[in-house]
Amino acid sequence: MTARLSDIAAEAGVSRMTVSNVMNGKSARVSPATVERVLAIAARLGYVANIPARSLAANSSHIVAALVPVGANNSLLVSPHTVAVVGGMETHLRHHGYHVLLRGIEHEDQVAQTISGWSLDGVVLVEFSDTQIDRLRVPSVPLVAIDSYSSNPRTTGVRSDDHGGGRLAGARLAEAGHRHVLFAGPPYQGMGVVGQRWDGFRSACLDAGIDARDVVAEEVFTTFEDGRRLGLRLRRDHPDVTAVFATADHLAVGIMAGIAEAGGSVPGDVSVIGFDDLDFAAYTTPGLTTIAQDMAAKVAEASRIILDEIEHGRGPGAPVSLDVRLVERGSVAPPGG
């Protein structure tokens, strides 16, 4: 026979509510000795929580979805940034008794279907464009959007200082003496995060005296292979460019690979700066100079906000912007250096 909360309560000499709180991780008001005793009895009796029943009783599924836009035949875990965000979220939310549902979204109407179909307590939107978020019409659940500049009043945006990061990259390349520079990233119409990085980069270059005609942009998707292809044709399409700022580390590393494959060198022929400071940035040859965003802090803040809205009924708040910094490695040098 399956052990029940009442069985554990009777043996432990506490109330059923106390046992319920302990098993749900809400033991702040329960003594450590009681918590230890309840957990030991539950383990010995083989207690297994009936999650659907518990959800019905509490009117809460304890499920938060991480939703990621994808193409019809694409994996949603292509981007290292997505992997880092989802992995960090799962850790934070698991420690608070929540499950994470990871789902790719091919069409915007699937967001509302997913919320209703799974009775979600909250949703974190990962790598959605601001245009997509602006158009969302979904049931009333807490919504947090990572890297969002959307004006949708239903969402709380959590992002890094993208404009400041772009300025750091532009200022570093100008300081090194570069006067013909390239910005590489996805189309920034509807993508505030990319637009902010471009605006910051361009303004820093112009402030440093670089001619506006020599600050150019290439629209490429942020994959290693797209970067590699850009690196292969860089000298042909942009013969004067001596430095590139890429909006993501994996794009930057692809550009470095393409430059090398085409017979060039980094930073001898072209300097490269990335954005993110993901783990692999330190292991390239040369090491990738990059704009570091605190991914752990960003994920922790997004998790804190979604839990606060779920458990305390607080509505969407002001967007949160986290600091960035330049991490110097070996991929930037003076032109010809």
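For the chain, modelled as a GNM whose springs connect Cα atoms under 10 angstrom apart, the maximal fluctuation among Asp121, Asp323, Asp277 occurs at Asp323.
Counting only protein heavy atoms and a 1.4 Å probe, region 196-272 has 41 square angstrom of accessible area per residue. The percentage of C-alpha pairs in region 140-223 whose separation is greater than 16 Å is 56%. With a Förster radius of 51 Å applied to the C-beta separation of Ser15 and Arg229, the computed FRET efficiency comes to 0.20. Between Ala33 and Trp118, what FRET efficiency comes out of the Förster formula 1/(1 + (r/R0)^6) with R0 = 51 Å and r the beta carbon distance, rounded to 0.05? Efficiency computed from Cβ-Cβ geometry: 0.85.
Could you point to the label whose value was computed as Cα extents along the principal axes in Å for the structure here, given (1) 79, 39, 36; (2) 70, 66, 43; (3) 58, 54, 40? For Cα extents along the principal axes in Å, the calculated option is (1).
Karplus-derived 3J(HN,Hα) values for region 228-240, using 6.51 cos²θ - 1.76 cosθ + 1.60 with θ = phi - 60°, are 4, 5, 5, x, 5, 9, 4, 5, 5, 8, 9, x, 8 Hz; glycine and proline are entered as x.
The C-alpha atoms of the chain define a longest principal axis, and helix 192-207 lies at about 30 degrees to it.
The relative contact order of region 75-170, computed from alpha carbon pairs under 8 Å that lie at least 6 residues apart in sequence, is 18 percent. Rolling a 1.4 Å probe over the protein heavy atoms leaves Trp118 with an accessible area of roughly 130 Å².
Percent relative contact order of the chain, based on C-alpha pairs within less than 8 angstrom and at least six residues apart? Result for the chain is 15 percent. Looking at the chain only, what percent of DSSP beta bridges run antiparallel? Nearest 5 please. The antiparallel proportion sits near 10 percent. Highest mobility in the GNM of the chain, judged by mean-square fluctuation with C-alpha springs under 10 Å and restricted to Glu127, Glu36, Glu218, is found for Glu36. Using alpha carbon centroids, what distance separates region 129-208 and region 217-258, in Å? Spelled out, the Cα-based centre of one part sits 18 Å from the other.
When the chain is treated as a Gaussian network with alpha carbon springs shorter than 10 Å, the biggest mean-square fluctuation among Leu168, Leu45, Leu125 belongs to Leu45. Nonpolar atom fraction for region 98-230, defined as the carbon and sulfur part of the 1.4 Å probe accessible area, stands at 48 percent. In this Cβ point-charge picture (+1 for Lys and Arg, -1 for Asp and Glu), the chain has a dipole of about 980 debye about its Cα centre. Computed about the Cα centre, the dipole magnitude for region 144-208 is approximately 60 debye when only Lys and Arg (+1) and Asp and Glu (-1) carry charge, each at its Cβ. Rounded to the nearest whole angstrom, the semi-axes of the ellipsoid equivalent to region 267-319, taken from the Cα gyration tensor as √(5λ), stand at 37, 11, 5, largest first.
Counting only DSSP H runs of at least 4 residues, each contributing -39500 (n - 2.57), and dividing by the residue count of the chain, the helix-based mean residue ellipticity at 222 nm comes to -13500 deg cm²/dmol. Database remark: amide H of Val70 closer than 5 angstrom to the amide H of Ile105, Glu106 (H placed geometrically; neighbours at sequence offset of 5 or more, or on other chains; Pro and chain starts carry no H). Our estimate of slack between Asp214 and Leu322, defined as 0.36 nm per intervening residue step minus the Cα-Cα distance, is 35.9 nm. Using θ = phi - 60° in the Karplus curve 6.51 cos²θ - 1.76 cosθ + 1.60, the 3J(HN,Hα) couplings for region 172-179 round to 5, 5, 5, 4, 6, x, 6, 10 Hz; x is entered for Gly and Pro.
Ordered by 1.4 Å accessible area with all protein chains kept, Arg304, Arg213 run largest first as Arg213, Arg304. Dipole size of region 94-245 about its Cα centre, with +1 on Lys/Arg Cβ and -1 on Asp/Glu Cβ: approximately 220 debye, rounded to the nearest 20. Choose one of Leu77, Gly165, Ala282: the residue whose Cα lies farthest towards the positive end of the charge dipole of the chain (beta-carbon charges +1 Lys, Arg; -1 Asp, Glu; about the Cα centre). Going by the charge dipole, the pick is Leu77.
The values are calculated or read from the model by the stated rules, or taken from the named source; none is laboratory data. As the structure is a computational prediction, the values presented were derived from the model and not from experiment. Please note: Cβ atoms are built from the backbone with ideal geometry, for glycine as well, and neighbour counts cover all protein chains shown. For accessibility, only protein heavy atoms count, side chains too; no ligands or nucleic acids. Shrake-Rupley method; radii C 1.70, N 1.55, O 1.52, S 1.80 Å.
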